[in-house]
Amino acid sequence: MTINANTRQLDELAAVFRHNAVRAQVQATAVVRRGALNVKNGWRANATATAGRHARLYPASISFDMRAHPAGASAEIGPDKGRPQGALGNLLEFGSVKNPPHMDGARALAAEATAFAAHVAAIGTQMGRG
């Protein structure tokens, strides 16, 4: 017994998915990079306003690193302990018994969250288009 089936439409749909997956990965990486840059710049601006004279070099220690993943990318944003005053990050961000937390990074992240989510949703919306 032989079964013949026309899979042309299924093959075309698979091609659209393959094309869109590559495009979505490129777009996701760009969105993560832009979001990380915005958080970094916001964190630096917040830190400049709150660090005072004792930690004036701290804002310049804030940077980000990108990591590629099969489905997109991720970014690690924060003070680089190898840069001047970067090691003050935990103390300034979270505070201590004698110093209140500044939460500069948390505020920068919260400010970017809505725009980042909207850009990610836009990528999802485009996935069905060829």
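The values are calculated or read from the model by the stated rules, or taken from the named source; none is laboratory data. These figures come from a predicted structure and were not determined experimentally. FYI the Cβ positions are ideal-geometry reconstructions off the backbone, even for glycines, and counts take in every protein chain you see. We work out accessible area using only protein heavy atoms, side chains counted, and drop any ligands, DNA or RNA first. Shrake-Rupley method; radii C 1.70, N 1.55, O 1.52, S 1.80 Å.
Restricting attention to the stretch 72-108, the residues that are at pLDDT 90 or above, more than 18 Å from Tyr58 (Cα to Cα) and in contact with a strand residue (DSSP E or B) (Cβ under 9 Å, 6 or more places away or on another chain) total 1. Within the stretch 92-101, the set of residues being in contact (Cβ under 8 Å) with a residue 24 or more places away in the chain and open to solvent by 50 Å² or more (accessible area, probe 1.4 Å) is empty. If you check Ala68, Ala118, Ala49, Ala113 for being farther than 30 Å from Arg23 by Cβ and either of a type in the set (A, V, I, L, M) or out of contact with any helix residue (DSSP H, G or I) (no Cβ under 8 Å at 6 or more places or on another chain) (or both), only one passes: Ala49. Inspection of the stretch 79-91 finds no residue satisfying the criterion of being open to solvent by less than 70 Å² (accessible area, probe 1.4 Å) and touching a residue at least 40 places away in the same chain (Cβ under 8 Å). If we keep just the residues of the stretch 32-78 that are of a type in the set (Val, Ile, Thr) and either open to solvent by less than 20 Å² (accessible area, probe 1.4 Å) or not in a strand (DSSP E or B) (or both), which is farthest from Gly95 (Cα to Cα)? My answer is Val32.
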